[in-house]
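Heads up, the thing below is written out as structure tokens.
The values are calculated or read from the model by the stated rules, or taken from the named source; none is laboratory data. Note that the coordinates shown come from a computational prediction; the quantities given were computed from them, not determined experimentally. Cβ sites come from the backbone with ideal geometry, for glycine too, and all protein chains shown count toward neighbours.
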Amino acid sequence: MTAGTTPIFGKIAFIGIGLIGGSIARVVRRDGIAGEIAISTRRVETLNRARELGLGDTYSLDPAEAVRDADCVILCAPVGSSGAIAEAIAPALKQGAIVSDVGSVKGDVVRQMQPHIPAGVHFIPAHPVAGTEQSGPDAGFPDLFKGRWCIITPPEGADEAATARMVAFWQACGSKIEVMTPEHHDMVLAITSHIPHLIAYNIVGTAAHLEEVTASEVIKFSAGGFRDFTRIAASDPTMWRDVFLHNKEAVIEMLGRFIEDLFALQRAIRFGEGDELFDLFTRTRAIRRSIIDVGQDTDAPDFGRQKA
Ligand code: NAP
């Protein structure tokens with residue numbers, strides 16, 4: 001969508017205005033995807049910052065006030081707060097409105113929110129698979145979703161026209177779309193995003209502990225592999241605490257498989273089974289190649305990061 005074309009929604013409301021809410025608000029404003037933007041968040045400091053940045057047209061600490069007359073409401077807060085926010089906005093939702101979210105977990109968010117969605121209001125959850133390790137309204141930028149996937153997870157029986165409108169909305173924000181069930185989403189994201197974050201948090205935690213107890217120089221001499229883990233492990237603690245607490249089953253299932261495979265590697269190293277290591281490392285290199293081939297990353301050295 002380009003500036004000047006017909007908006008997809010008259011009024012859109014964001015509840016939570018950090019990295020993701022702030023990025024959607026920016027692209028919506030820049031490209032005229034909605035006519036009016038209402039913003040609500042929990043803390044007055046964050047609301048004032050959003051106002052200073054000019055992210056919306058109206059600002060309120062009361063989420064029910066923000067959603068009044070909105071055609072689309074998008075929850076952009078940590079997933080643990082989804083149920084309470086849905087309950088707070090429910091009485092103020094307009095008939096025919098679409099309620100959506102951007103949570104990194106879907107099954108649990110549907111369970112939290114669905115009971116509060118009034119009849120005549122459409123509930124179409126979504127997850128833009130795009131982000132950075134930054135948070136807060138200053139971290140957002142309008143091209144965050146450009147060329148990235150957005151997974152839409154309509155609950156069973158969801159209105160097709162409302163789903164199509166959310167598809168059109170995310171396409172207008174620059175995303176490629178995939179539609180799947182909330183449960184399938186949670187399995188796929190457990191292995192592609194949640195477990196990698198857990199591994200990063202764990203390895204950085206172990207290294208920091210080693211440094212403390214052995215006075216070694218783990219941080220000073222950290223090489224590329226470790227530095228890349230520290231970038232992931234700098235991700236927002238509240239968001240990621242909520243991801244693990246609310247995608248428990250899928251994460252535990254995938255973690256079980258990961259640990260089994262790790263033991264197999266430990267065994268191969270112990271018994272000098274070099275062919276096994278070589279075969280795995282060759283297969284994983286091909287996976288990296290295929291991720292680059294489909295445009296999910298660049299093959300610039302060091303993940304394209306600037307050298308200090
Ligand atoms: P963020 O930058 O930390 O922003 C979170 C926002 O939610 C802040 O404006 C915060 O406001 C607000 N908030 C927190 N608790 C709230 C509550 N109870 N009621 C209303 N507002 C509340 O986080 P984010 O990265 O944008 O993540 C938001 C959502 O996007 C999460 O569900 C996350 O799973 C999902 N997501 C994140 C990424 C990523 O890479 N970061 C990618 C895709 C999806 P206050 O300052 O006022 O508390």
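Evaluate region 79-91: report whether one residue or more is more than 8 Å from the ligand (Cβ to nearest atom), surrounded by 15 or more Cβ atoms within 10 Å (Cβ to Cβ), β-branched (Val, Ile, Thr) and more than 18 Å from the chain's Cα centre (by Cα).
So far as region 79-91 goes, yes, one or more of its residues are more than 8 Å from the ligand (Cβ to nearest atom), surrounded by 15 or more Cβ atoms within 10 Å (Cβ to Cβ), β-branched (Val, Ile, Thr) and more than 18 Å from the chain's Cα centre (by Cα).
Every residue in region 52-67 that is part of a loop (DSSP other than H, G, I, E, B) and crowded, with 19+ Cβ neighbours inside 10 Å, please. Walk me through it before giving the result.
First, the residues of region 52-67 that are part of a loop (DSSP other than H, G, I, E, B): 54-57, 61-62.
Within region 52-67, Leu55, Gly56 meet the criteria.
Does region 160-176 hold any residues that are of a type in the set (S, T, N, Q) and over 17 Å from the mean Cα position of the chain (by Cα), and which are they? If you could, list the steps in order and put the result at the bottom.
Step one: of region 160-176, the residues of a type in the set (S, T, N, Q) are 163, 171, 175.
Hit for region 160-176 is Thr163, nothing else.
For region 69-78, how many residues are surrounded by 17 or more Cβ atoms within 10 Å (Cβ to Cβ) and more than 8 Å from the ligand (Cβ to nearest atom)? First the steps, then the outcome.
The initial filter retains those residues of region 69-78 that are surrounded by 17 or more Cβ atoms within 10 Å (Cβ to Cβ), namely 70-78.
Within this subset, residues satisfying the condition of being more than 8 Å from the ligand (Cβ to nearest atom) are 70-74.
Residues meeting the conditions: 5.
At least 2 residues that are of a type outside the set (A, V, I, L, M, F, W, C) and over 26 Å from Ala77 (Cα atoms) in each: list the helices (runs of 4 or more DSSP H) lying fully within region 140-236 that qualify.
Working: elements: 160-172, 182-189, 195-214, 224-232.
Once the helices (runs of 4 or more DSSP H) in region 140-236 are filtered for at least 2 residues that are of a type outside the set (A, V, I, L, M, F, W, C) and over 26 Å from Ala77 (Cα atoms), what remains is 195-214, 224-232.
If you check every pair at least six apart or on different chains, which have Cβ atoms under 6 Å apart with a residue in region 22-51 that is assigned by TED's automatic domain parsing to the domain that holds Ala77 and without any contact (Cβ under 8 Å) to a residue 60 or more places away in the chain first and a residue that is within 8 Å of the ligand (Cβ to nearest atom) and among the hydroxyl-bearing types (Ser, Thr, Tyr) second?
Pairs found: Leu47/Thr41.
Please go through region 102-120 and pick out each residue that is crowded, with 19+ Cβ neighbours inside 10 Å, assigned to a loop (DSSP other than H, G, I, E, B) and either aliphatic (A, V, I, L, M) or in contact with a Pro (Cβ under 9 Å, 6 or more places away or on another chain) (or both).
In the first step, residues of region 102-120 are kept if they are crowded, with 19+ Cβ neighbours inside 10 Å; the result is 102-110, 112-113, 116.
Next, from what is left, pick out any that are assigned to a loop (DSSP other than H, G, I, E, B): 102-106.
If the condition is that a residue be crowded, with 19+ Cβ neighbours inside 10 Å, assigned to a loop (DSSP other than H, G, I, E, B) and either aliphatic (A, V, I, L, M) or in contact with a Pro (Cβ under 9 Å, 6 or more places away or on another chain) (or both), then Val102, Gly103, Val105, Lys106 are the ones that fit.
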